[in-house]
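Structure first, commentary second.
The values are calculated or read from the model by the stated rules, or taken from the named source; none is laboratory data. Predicted model only: the values in this text are computed from it and were never measured. Positions of Cβ are backbone-derived with ideal geometry, glycine not excepted, and every protein chain shown enters the neighbour counts.
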Amino acid sequence: MSANSVTAACHTSAVKVLASRRLPGDAFDELDDVEVIALTELAQARPDVEAVIVANEAVPLDLLPALRLIANFGVGVDRIDLDTCARRGIAVTTTPGALDDATADLTFALMLATRRRVVEGDRLVRSGGWPGTSTASRVAEEVTGATLGIVGLGRIGTAVSQRARGFRMRVFYAQPRRLDTDLAEYRDLDEMLALVDILTVHAPLSATTRGLLDARRLALIPDGACVVNAARGEIIDEAALVSECLSGRLFAGLDVFAHEPYPPAALLGLSNVVLTPHLGSGTRQTRQAMTRIVVDNVLAVAHGRPPLTPVGA
Ligand code: DGY
């Protein structure tokens, strides 16, 4: 066997793969039997398919009787039916680690943009309404030295807490499990909410975290504080957050929404809110690294090896 054919043999996926989209980066081309199709368009059973590639989408499991792997492009799997997968022995993999830095960077971008009124300032300049003095705009709030509360000190929350050191922030975290870390001080969630200048959410969406930040909890956050969410919109009671922003009591930097791609209409005209379109992992470098992990999982299963990054491992 020549060196080239060894490489080709290593790359060949002996399984039929459906992908809901073409993923960015060269690694995707290593899958040689991949069909790109929106899973919502699958109308008939596909007994030939053994692996699917999705980005946190519902998979029509009943139409895929031979499915062995769902390789998810991302870390959130809240739209995948994990119970049925476990029952049927279908492995579900994610891309842990690859997107922590990009998501933490975006979190800081939202904190900075919201607290420092960057987007409002951009609009002022574009509108021609800026009279040209540095005192014409409304004063903003500092990020440096602020008190930060992190809901969920997992991989992404940890990357946020590391960046917070550079901003000389006091950092608290709340989550069910207390950690041995000097990056952040543990607090009960309600207690932490009362202390923050900035609250940022980095928990996975689950039955326990859905609606975790409800109206009562949002009301505990001090006046003028900023809520950042680059995790999942459903973790916050969106209607309650909208009314806190509409009243002007809270600021918000939101990358995720309960009903994407539809942010609450009431937020669109507010200058105390910065909205981005689920950009957390959206850098070229990170997306390519995510594709690499997705493809490696498919290739592992194709070659009879265990998946590399299964959920729950
Ligand atoms: C994730 O990893 O779940 C992100 O939301 C994808 O960008």
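Under 8 Å between Cβ atoms, at least 6 apart or on separate chains: pull out the pairs that start in segment 189-202 with a residue that is closer than 20 Å to Arg155 by Cβ and end on any residue that is assigned to a helix (DSSP H, G or I) and among the charged types (D, E, K, R).
Leu189/Arg217; Ile198/Arg115
Tally time: how many residues in segment 194-225 are in a loop (DSSP other than H, G, I, E, B), of a type in the set (A, V, I, L, M), closer than 20 Å to Arg249 by Cα and touching a helix residue (DSSP H, G or I) at 6+ places or on another chain (Cβ under 7 Å)?
Total satisfying the criteria: 3.
Just to be sure before I move on: is Arg68 of a type outside the set (A, V, I, L, M, F, W, C) and in the same structural domain as Val143 (by TED's automatic domain parsing) in the structure I sent?
no
Restrict the check to segment 294-306 and report whether at least one residue is within 16 Å of the ligand (Cβ to nearest atom) and assigned to a helix (DSSP H, G or I).
Yes, segment 294-306 contains a residue that is within 16 Å of the ligand (Cβ to nearest atom) and assigned to a helix (DSSP H, G or I).
Restrict the check to segment 71-85 and report whether at least one residue is of a type outside the set (A, V, I, L, M, F, W, C), more than 14 Å from the ligand (Cβ to nearest atom) and within 22 Å of Ala14 (Cα to Cα).
No, every residue in segment 71-85 fails to be of a type outside the set (A, V, I, L, M, F, W, C), more than 14 Å from the ligand (Cβ to nearest atom) and within 22 Å of Ala14 (Cα to Cα).
I'd like to verify a number: residues in segment 86-100 that are surrounded by fewer than 13 Cβ atoms within 10 Å (Cβ to Cβ) and within 16 Å of the ligand (Cβ to nearest atom), how many?
Residues flagged as surrounded by fewer than 13 Cβ atoms within 10 Å (Cβ to Cβ) and within 16 Å of the ligand (Cβ to nearest atom) within segment 86-100 amount to 0.
Tell me, yes or no, whether segment 262-272 has at least one residue that is in a loop (DSSP other than H, G, I, E, B) and in contact with a strand residue (DSSP E or B) (Cβ under 6 Å, 6 or more places away or on another chain).
Yes: segment 262-272 contains one or more residues that are in a loop (DSSP other than H, G, I, E, B) and in contact with a strand residue (DSSP E or B) (Cβ under 6 Å, 6 or more places away or on another chain).
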